[in-house]
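The values are calculated or read from the model by the stated rules, or taken from the named source; none is laboratory data. Bear in mind the structure is a predicted one, so any value in this text is a computation, not a measurement. Neighbour counts run over all protein chains shown; Cβ positions are idealised from the backbone, glycine included. Ligands, DNA and RNA are stripped out before the accessible areas are found, and what is left, the full protein with its side chains, is counted by its heavy atoms. Shrake-Rupley method; radii C 1.70, N 1.55, O 1.52, S 1.80 Å.
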Amino acid sequence: MKHATAITAAFVTLTAASSQVSAAGRDHIEIVGSSTVYPFATVVAETFGNKTKFKTPKIESTGSGGGFKLFCAGNGIKTPDITNASRRIKKSEFDKCAKNGVNSITEVQIGYDGIAIANAKEGPQFNLSLRDVFLALAKEVPGTEPGQLKPNPYKTWKDVNPALPAVKIEVLGPPPTSGTRDAFAELAMEGGCKTFGWIKDLKAASKKAKKAGDKDKAKALKQQYKGICHTVREDGAYIEAGENDNLIVQKLEKNPNALGIFGFSFLDQNGDKVKGAQVDGVEISFDNIADGKYPVSRPLFFYVKNDHVGKVPGIKEYIVEFTEEDTWGPDGYLTEKGLIPLGDEQRAQMAKDARALKPLKLGNE
Amino acid sequence: MSTISSKQKIEASLKKRYARERRFRLYGVVSISISSLFLMVLLFTIISKGLPAFQQTWINLDVTLSPALLGVDANADPEALFSAKYAKVIKASLKEMFPGVKGRKQKRALKNLVSNSAAWDLRDKVLENPKLIGTTQSFWFLAKDDIDVFMKGGIDRNLPESDRRIKDYQLEWIDKLIAEGRLEKRFNTTLFTAGDSREPEQAGMLGAIMGSFFTMLVTLLLSFPIGVAAAAYLEEFAPQNNRWVDFIEININNLAAVPSIVFGLLGLAVFINFFGVPRSTPLVGGLVLTLMTLPTIIIASRAAIKSVPPSIKEAAIGLGASRVQTLFHHTLPLAMPGILTGTIIGMAQALGETAPLLMIGMVAFVADVPGSIVDPATVMPVQVYLWSDSPERAFTERTSAAIMILLGFLVIMNSAAIWLRKKFERRW
């Protein structure tokens with residue numbers, strides 16, 4: 001009996017403690033979202049914590065999609081204040097937010113990230129086109145006639161393109177849960193896939209069907225297009241190496257013929273061990289990504305829940321810190337961590353909108 | 001005839017038996033040496049990688065705290081002192097030391113000799129004593145991670161310049177600093193006194209250690225009384241051969257084998273979404289780990305209670321003690337060493353757990369050191385994971401150092417379990 005009372009007492013205290021906390025509100029900012037933005041957001045959060053008297057924000061790396069799910073769950077202390085994303089918010093996510101009462105969101109684009117295709121320093125120098133990348137990594141590749149597909153027959157890079165070295169195709173990359181993989185499929189694979197006329201026509205046909213009002217046909221065509229372009233081969237040429245980019249770099253060092261796919265910041269940090277391949281003749285570099293010349297790069301964002309501003313201390317000041325020239329400008333500390341900044345004008349405009357908490361409006365795409 | 005043959009038979013079989021025995025012993029020795037070899041290799045790689053992290057490079061600078069650069073004078077109020085431009089002052093003193101640095105890249109490299117924590121350190125010193133403003137002082141600051149890695153031999157200066165993170169002009173600066181005695185390696189106290197940071201030189205384990213401490217505290221306070229009560233009831237009071245009791249027993253044994261991520265999902269659904277316990281706190285972490293350690297504690301406690309000789313219980317009951325008195329005065333004290341051993345092993349398991357914590361938001365960047373069970377926190381194994389995933393080179397050695405610290409705690413806990421058993425063990 002004594003035990004039972006003790007246990008009940010313990011539970012009562014715990015529930016009381018937790019309800020007290022939720023009633024009193026939160027004194028730190030909660031941030032969730034993309035693992036690509038995480039290294040940048042954490043640095044800003046830390047500087048913000050050191051520079052001001054606010055507490056350092058807590059940042060969870062949940063992936064872009066996971067971030068929106070938590071962010072759009074509703075208003076209130078228990079939901080995050082800010083979510084990071086390595087892609088723009090989708091219409092469906094925006095609608096879900098609105099349905100749950102999250103009506104006012106501010107979108108802040110912070111810069112770009114390049115995806116490197118790299119191999120060990122002592123390995124051969126690769127000069128790939130997007131078409132090469134697609135042909136080497138797709139599950140099925142176009143046959144001799146339009147509309148025909150065959151299982152990927154290529155074993156070496158030379159099979160794909162005679163100009164490439166005769167080494168086995170072996171690519172270490174992130175798993176499907178990763179935002180980097182999504183971006184890679186969308187930018188690199190699809191980019192190469194589109195160079196085949198009849199595949200490109202599929203997308204055009206889908207759009208046409210949508211205009212004509214045939215939704216099912218449009219959807220089916222789009223599915224077919226995506227299926228061809230985004231499906232990565234599963235016969236061992238593409239090796240899922242986990243979300244840990246450091247591990248990929250280590251594996252590349254041991255195997256000079258393998259290529260790896262990871263964020264530009266890891267290439268930047270490990271320039272003595274690995275080198276980036278040229279893609280469509282463009283070298284991966286800070287300037288080429290900023291200019292938009294390097295084809296495999298994507299914008300990075302964070303989204304702020306405007307209803308929380310004023311309720312959770314420091315959100316406005318965090319936005320100010322993030323949009324300071326010393327932070328995200330060409331000489332800012334984020335560029336040292338590998339962020340590619342926006343152009344000068346775009347940055348100034350973005351800073352103004354962000355600080356004014358301009359609510360995001362998504363039209364029908 | 002027959003006697004000789006049977007003797008021969010025995011001798012022959014005896015030889016075989018001895019051989020078999022020797023072989024079996026050999027197998028044992030081989031398997032032990034293989035496993036200890038693996039352990040040695042693991043420990044060797046971790047320790048050899050992690051040892052450099054216990055040292056940190058510091059840089060000495062003569063800083064002139066000029067009011068013009070700071071934007072405040074000695075009489076300013078603390079608010080103004082707090083937000084004065086300390087980074088500017090440090091930049092200026094570096095410029096003075098290395099005149100003639102040109103170009104954006106070189107200027108940035110010069111600024112990056114010292115960690116950006118130098119500005120906060122300087123601020124704290126000025127806040128302590130505002131009279132420093134206007135004087136020139138000599139201070140030691142943390143060196144930036146690249147410089148630190150170079151000083152520990154992580155970057156080979158004989159490589160071609162394009163392959164090095166430290167360029168030729170930086171080498172020149174470093175050589176000059178060394179010659180002037182302004183570069184020094186010291187024991188890395190930051191590793192034990194700071195919370196997490198994205199700058200390797202400022203990153204420490206204290207936040208994770210405190211997080212683990214609070215989480216374990218919640219786990220212990222909940223799982224120990226519940227576990228022991230459940231075990232005592234099942235052993236001493238539950239009706240024998242009852243279908244319900246059997247059902248509960250099977251479930252407890254099953255729970256011990258459930259993958260820990262399942263407890264994380266349960267914690268997310270029940271504690272966070274239903275009861276509204278705040279995310280990422282030691283409170284919710286401790287609750288989830290309680291669920292995970294309970295089966296271990298119950299099973300160990302039942303075994304310990306069972307091993308108390310019935311004669312002692314019978315004697316107590318024979319002298320007129322009630323069953324509860326017998327339990328509390330005799331059975332539990334005698335079973336305590338076994339119960340404690342089981343509890344400590346369960347806690348050590350919980351200390352090394354990350355998977356369930358992923359679901360409840362404890363895998364997060366938390367820079368502030370938690371001060372209570374409702375502050376956001378992370379735990380030691382999560383810290384290892386987060387550091388191993390960071391791009392900066394200097395985090396590699398810190399990852400190994402963090403593993404060493406975690407292993408240290410595990411060794412302490414497991415030795416405590418052995419010590420307790422040895423000290424209080426009774427034989428009948």
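For this structure, a couple of remarks:
- Filter result for the condition that a residue is farther than 22 Å from A:GLU324 by Cβ, within 14 Å of chain B (Cβ to nearest Cβ) and without any contact (Cβ under 8 Å) to a residue 60 or more places away in the chain, over A:LYS69, A:LYS58, A:LYS96: A:LYS69
- Against the test of being assigned to a loop (DSSP other than H, G, I, E, B), free of Cβ contacts under 8 Å to residues at least 60 places away in the same chain and in contact with a helix residue (DSSP H, G or I) (Cβ under 7 Å, 6 or more places away or on another chain), the options B:ALA84, B:ALA92, B:ALA119 yield a single qualifying residue, B:ALA84.
- Check on B:PHE44, surrounded by 10 or more Cβ atoms within 10 Å (Cβ to Cβ), of a type outside the set (Ser, Thr, Tyr) and more than 20 Å from B:ARG182 (Cα to Cα): yes
- Comparison of A:ASP132, A:ASP95, A:ASP81 shows that the only residue that is outside the structural domain of A:VAL282 (by TED's automatic domain parsing), crowded, with 18+ Cβ neighbours inside 10 Å and modelled with pLDDT of 90 or more is A:ASP81.
- Of all residues in region A:64-75 being open to solvent by 20 Å² or more (accessible area, probe 1.4 Å) and modelled with pLDDT under 90, the one that is farthest from A:PRO313 (Cα to Cα): A:GLY65
- Residue list for region B:131-164, restricted to those being part of a loop (DSSP other than H, G, I, E, B) and either hydrophobic (A, V, I, L, M, F, W, C) or crowded, with 18+ Cβ neighbours inside 10 Å (or both): B:ILE133, B:LYS144, B:ILE155, B:LEU159, B:ARG164
- Qualifying residue in region B:396-407 (condition: open to solvent by 20 Å² or more (accessible area, probe 1.4 Å), of a type in the set (Asp, Glu) and in contact (Cβ under 8 Å) with a residue 40 or more places away in the chain): yes
- Considering region B:168-188, and only residues there that are basic (Lys, Arg) and touching a helix residue (DSSP H, G or I) at 6+ places or on another chain (Cβ under 9 Å), the residue that is least open to solvent (accessible area, probe 1.4 Å) turns out to be B:ARG182.
- The listed residues are A:ALA205, A:ALA166, and the only one of them that is assigned to a helix (DSSP H, G or I) and either open to solvent by 20 Å² or more (accessible area, probe 1.4 Å) or of a type in the set (Val, Ile, Thr) (or both) turns out to be A:ALA205.
- The listed residue being within 12 Å of chain A (Cβ to nearest Cβ), within 25 Å of the chain's Cα centre (by Cα) and surrounded by fewer than 22 Cβ atoms within 10 Å (Cβ to Cβ), out of B:LEU222, B:LEU265, B:LEU287: B:LEU222
- Residue count for region A:136-149 satisfying the condition of being open to solvent by 20 Å² or more (accessible area, probe 1.4 Å) and closer than 18 Å to A:HIS230 by Cβ: 3.
- Positions within region A:242-259 being open to solvent by less than 10 Å² (accessible area, probe 1.4 Å) and either within 20 Å of B:THR399 (Cβ to Cβ) or free of Cβ contacts under 8 Å to residues at least 60 places away in the same chain (or both), in sequence order: A:ILE248, A:VAL249, A:LEU252
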